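Okay, structure first, notes after.
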2 protein chains.
Amino acid sequence: MAKPEATRPASRLANLLPCSNWLKGYSGNKAGQDGLAAVIVTLMLIPQSLAYAMLAGLPPVAGLYASILPLLAYTLFGTSSTLSVGPVAVISLMTATALAPLFAAGSQEYMVAAMVLALLSGAILMVMALLRLGFLANFLSHPVVSGFISASGLLIAIGQLQHILGIAGGGHNVLDMLWGLAQNLSRTHGPTLAIGTASLILLMLARSHLKGWLSRLRLSPMLAANLSKAGPVVTLLLAIAVVSLFDLADRGVAVVGAIPRGFPPLSVPTMELQLLPQLLPAALLISLVGFVESVSVGQTLAAKRRQRIDPNQELFGLGSANIAAAVSGGFPVTGGFSRSVVNFDAGAATPMAGAFTALGISLTVLFFTPLFHNLPQAVLAATIIVAVLSLVDLGAFMRTWRYSRADALAMITTVVGVLLVGVEAGILMGVGLSLGLFLKRTSQPHIAVVGQLPGSQHFRNINRYAVVESPQVLSLRVDESLYFPNARYLEDRVAELTGSHPDIKHVVLMCSAVNLIDASALESLHTIKQRLHDAGIQLHLSEVKGPVMDQLRKSDFLEHLGGQVFVSQYDALKTLDPGTTQAALEK
Amino acid sequence: MAKPEATRPASRLANLLPCSNWLKGYSGNKAGQDGLAAVIVTLMLIPQSLAYAMLAGLPPVAGLYASILPLLAYTLFGTSSTLSVGPVAVISLMTATALAPLFAAGSQEYMVAAMVLALLSGAILMVMALLRLGFLANFLSHPVVSGFISASGLLIAIGQLQHILGIAGGGHNVLDMLWGLAQNLSRTHGPTLAIGTASLILLMLARSHLKGWLSRLRLSPMLAANLSKAGPVVTLLLAIAVVSLFDLADRGVAVVGAIPRGFPPLSVPTMELQLLPQLLPAALLISLVGFVESVSVGQTLAAKRRQRIDPNQELFGLGSANIAAAVSGGFPVTGGFSRSVVNFDAGAATPMAGAFTALGISLTVLFFTPLFHNLPQAVLAATIIVAVLSLVDLGAFMRTWRYSRADALAMITTVVGVLLVGVEAGILMGVGLSLGLFLKRTSQPHIAVVGQLPGSQHFRNINRYAVVESPQVLSLRVDESLYFPNARYLEDRVAELTGSHPDIKHVVLMCSAVNLIDASALESLHTIKQRLHDAGIQLHLSEVKGPVMDQLRKSDFLEHLGGQVFVSQYDALKTLDPGTTQAALEK
């Protein structure tokens, strides 16, 4: 817990440009750490960038473009020292889902639309930063995000099978995809399948065993860990060599083909205004999902080093990264989980590691793109599959199911929605259901009859504790804010409970869990008071919180209440039934 | 408060057919009361039924049809002894709004569609009754319903001005309507305007003064009150006489024209299946609004006689009434405010008064419809205007504004939405905003630092009460359920508050207002516990409610908490800082 940081007033400059903080103490030592991390992340990013561009329906080079300027922008404006920003699987899938129905894949319009999507997403994040709307991201609950990422991973993996098999595929839901694959299965292209399967095996071995094998070569654990990160690049180079050697590109193995060399031209993407409203919902969801993914990774890694990140400044950093992607031929980006973990493990000390990574990718774009001409698409597909399958988290589902059926239901809905309807529909269904279940819950609140715990001034549920009840006073604890969905329910429950206690003279509503009484509930309290009065019973309140009391004073309810508002339930009982109360206290 | 009824177990038959209860003790005396009320309500209903049918865009006779079988159905299945069911202004407006874009006004398809709408609405109410979904109606909050009814009243009144002026009009929002009237104002039809204005004046005088004048004729107050209810029928007969005498129908005064005599044929309305989805949203809103209006009238009147109505059985009663309307040439119906009050005041003793009223309307349909041939539409418009202007309630707005800006904002949104966008849009905007404001509120909950009230075991906010704080224990009261929208906010606030209390060793989260801890909040509690632990602070909980504790036990949180879960905040402080606590208790 970084208390000094939390209380130290930061200057305005440091607020806007967090880099001014860490640049002051920047040393050669830190540059060494950052440089090493950058080399490793660059080696990992090259295949991933190419692959995620393909996933987004874009030419592979767009992935490299999206890994240069956005990283520099985040270095300037971001607050996490280890977050690695760039193309990520889920956001690339959402990009493809948003653009595929509107533009022909691979067309110039499609590429421009991807840049516009990044621009919109960047603008939305900036506006959220300015209006401090970061809290909106909290509406994507844990179970929904977890279900969304698992299902997206599965969807992406299945979508890549066509490249491994070398056949045509497509479809926007799992059933369509599987059906398409099944229909074309007989046309499987042997050499492509061989390369794809071999890459899958190599990549999985690299991920699970390479570090162990390198350690046995008497390398230091640190060096072994870092070298093992080059596994995907080696796989990629191997595949290029095989394709070139056996002229497989001419024999039907789909390859990446010619990639332009040099930096992308800088330009602000423009498109017909009437198309913007069609992209806006997708841009909004991409912004929110990207922000949530990035902030959770950032916070997790920061916590491990007892640092903190500032969510509102993160909005600004990610917004600037997306705008940078938009003006340099890229597509929507965010902080990625796997590459940030690699960056962290490789010892990145400051956001400068991101700038160094951008330099690495720049060198790649300037000098090495001809190398990738013979890179088989099957290898990129294998890269994607291995990356996304690690996102599928069955354990999270089991834990959630055990803890709360409502949360598990939201998770299942999201998963089913993503797989069968679509990524955006899935996440909206999950959030909608979560909120709906919460509202349904608050509309029928738990209302407990409470009694005094012997020997104390504390009141608890009569069904759970051996408490003392007053024969004349009915103590009701309402376990919810009183607002319109539950106002009438309260009327009915109070009527029921007083009906089953025929001898009482007073009802005390214990309001310790009431954080709000809205206008509808105020009407209901009026009604309850009046009905009780007609039955010869007086209504009182207790433990009304300050803000609620302030509001009640703005109406005429307290004047007409007749009863009292007690500071505590104990005070209420001490006044209304002193005998029973004193006896219970002395027990 | 009818305690005996509430506790007496009702038989299954009585549950399904509430009439079996009151029919047992039915006497000549009660029949006399019900008969008198029925005569008065019938006299009031004849002009209203004709007028509301016109408002719904239907031939006037449909209003009479909708006032026969539906009343009988409610008599059998309803639970209120005084509610009067039939066409009402707001529901008629919603019917017209739903059907006008789809069918030509006055066409056969339009009439069938109105019947289908009633059928759908009846089916929805029945399903809600079976699934016990009556609580859904509670989501229409007081301010939203109040704003909706006021704005609808205004919209209806402005929409009727064209009939008073005898010009063409139209439009679905206030601006269009006023603009249309302004354009055609020069074509105002003199005789129509004269009749319309005279009727308006007569109807208003009848409403405000007739009872007083009749009392001065030495009639008993009861008789005077009942006779005064015949004002609208007398106005209507006067207008018919004037039109017939001066042949005004031939001189351009729009009249009702030929009305078929006799009962409507019974038939189940059918339409093309693809049109059903277009009617469904309107049917849903009509059901909810109708149910809310009906139940609030029913409950208000029942409370005056210390009776109760059963909302779920009311769903069944109103559903059967709408299905009855659908098969007998009617349109959607519900319990109306003004006519139910008249029924109540006239002394209706049982739902039999509704059956008698149906008899009265039947006689009208069988024998008196030729009488209405020369009835000017301007008189019907005046009837509507006088009826709906009483729905506009500025006082409710002022009270709500004083009490709660959030509620007032929901009300204003509904009013503006209804007037400028449309009735359905208005109500959805109001409900959406209400829920949005509530969710926003719960996403940034009030978190109070609490201390011990001297001389008691009770803990309150240190900013509002002179309380005793422990130097080592920070007591935080979280004033909201912990769920996904506020989970991260809690993390941040706890970090801030512990940051500003550097000497503390323990944090106790007082959970008296926490009614739920969902999976996202559980993750946050894990994080908070871990961060506090890293800073050398132990987290504890207190006053965790039974249902919340049950759920926490399903996770491993309590095993890893390290701290304790105390029954009360006092117990926590007595254990963690006995010295300060004992001293405060004895102060």
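The values are calculated or read from the model by the stated rules, or taken from the named source; none is laboratory data. The structure presented is a predicted model; accordingly, all values stated were derived computationally and were not measured. Don't worry about glycine lacking a Cβ; one is built from the backbone with ideal geometry, like all the others, and counts go over all protein chains shown.
One residue is enough: does the stretch A:392-411 have a residue meeting the conditions at the interface with another protein chain (Cβ under 8 Å from one of its Cβ atoms), among the aromatic types (Phe, Trp, Tyr) and closer than 30 Å to A:Leu490 by Cα? Yes: one or more hits.
Closer than 16 Å to B:Met54 by Cα and touching a residue at least 24 places away in the same chain (Cβ under 8 Å): which single residue out of B:Gly170, B:Gly166, B:Gly147 fits that description? First the steps, then the outcome.
On the way: B:Gly170 fails: touching a residue at least 24 places away in the same chain (Cβ under 8 Å); B:Gly147 fails: closer than 16 Å to B:Met54 by Cα.
Checking each option against the conditions leaves just B:Gly166.
Tell me whether the stretch B:145-158 contains one or more residues that are over 33 Å from the mean Cα position of the chain (by Cα) and either away from chain A (no Cβ under 14 Å) or surrounded by 17 or more Cβ atoms within 10 Å (Cβ to Cβ) (or both).
Taking the stretch B:145-158 as the starting set, the residues that turn out to be over 33 Å from the mean Cα position of the chain (by Cα) are none.
Within the stretch B:145-158, none of the residues are over 33 Å from the mean Cα position of the chain (by Cα) and either away from chain A (no Cβ under 14 Å) or surrounded by 17 or more Cβ atoms within 10 Å (Cβ to Cβ) (or both).
A single entry from B:Leu435, B:Leu420, B:Leu439 fulfils the requirement of being of a type outside the set (Ser, Thr, Tyr) and within 13 Å of B:Ser141 (Cα to Cα): B:Leu435. Checking each residue in the stretch A:242-252 for being free of Cβ contacts under 8 Å to residues at least 60 places away in the same chain and not in a loop (DSSP other than H, G, I, E, B) picks out A:Val242, A:Leu245. Put simply, of A:Thr334, A:Thr357, A:Thr369 the only residue that is surrounded by fewer than 20 Cβ atoms within 10 Å (Cβ to Cβ) and closer than 25 Å to A:Pro269 by Cβ is A:Thr369. Looking only at residues of the stretch B:504-528 that are more than 37 Å from the chain's Cα centre (by Cα) and in a loop (DSSP other than H, G, I, E, B), we find that the one that is nearest to the other protein chains (Cβ to nearest Cβ) is B:Ile504.
Listed by position, the helices (runs of 4 or more DSSP H) contained in the stretch B:173-241 that have at least 2 residues being modelled with pLDDT of 90 or more and not hydroxyl-bearing (Ser, Thr, Tyr) are B:174-184, B:190-208. The stretch A:36-102 holds helices (runs of 4 or more DSSP H) entirely within its bounds, and those carrying 1 or more residues that are in contact with a helix residue (DSSP H, G or I) (Cβ under 6 Å, 6 or more places away or on another chain) and of a type in the set (S, T, N, Q) map to A:69-77, A:89-99. In the stretch B:473-500, the residue that is farthest from the other protein chains (Cβ to nearest Cβ) out of those that are closer than 21 Å to A:Ser141 by Cα and not in a helix (DSSP H, G or I) is B:Leu482.
Is it true that A:Tyr465 is within 43 Å of the chain's Cα centre (by Cα), in contact (Cβ under 8 Å) with a residue 40 or more places away in the chain and assigned by TED's automatic domain parsing to the domain that holds A:Val565?
Numbers: within 43 Å of the chain's Cα centre (by Cα): yes; in contact (Cβ under 8 Å) with a residue 40 or more places away in the chain: no; assigned by TED's automatic domain parsing to the domain that holds A:Val565: yes.
In short, no.
If you check A:Ala302, A:Ala282 for being farther than 15 Å from A:Thr79 by Cβ and among the aliphatic types (A, V, I, L, M), only one passes: A:Ala282. The residues of the stretch B:260-296 that are within 14 Å of chain A (Cβ to nearest Cβ) and among the aliphatic types (A, V, I, L, M), listed by number, are B:Leu288, B:Val292, B:Val295.
The condition (being at positive phi and not aliphatic (A, V, I, L, M)) is satisfied by just one residue among B:Gly106, B:Gly63: B:Gly106. Of the residues examined, B:Ser199 is one that is under 23 Å from B:Val234 (Cα atoms) and buried (at least 19 other Cβ atoms within 10 Å of the Cβ). Just to be sure before I move on: is B:Leu136 in a helix (DSSP H, G or I) and more than 18 Å from B:Phe331 (Cβ to Cβ) in the structure I sent? The answer is yes for B:Leu136. Considering every residue within the stretch B:77-95, establish whether at least one is touching a Leu at 6+ places or on another chain (Cβ under 6 Å), within 17 Å of B:Glu293 (Cβ to Cβ), of a type in the set (Gly, Ala, Ser) and surrounded by 21 or more Cβ atoms within 10 Å (Cβ to Cβ). Yes, the stretch B:77-95 has at least one match. Condition check: surrounded by fewer than 17 Cβ atoms within 10 Å (Cβ to Cβ), closer than 30 Å to A:Pro578 by Cα and either within 20 Å of the chain's Cα centre (by Cα) or modelled with pLDDT under 95 (or both). Does A:Gly455 satisfy that? Criteria met by A:Gly455.
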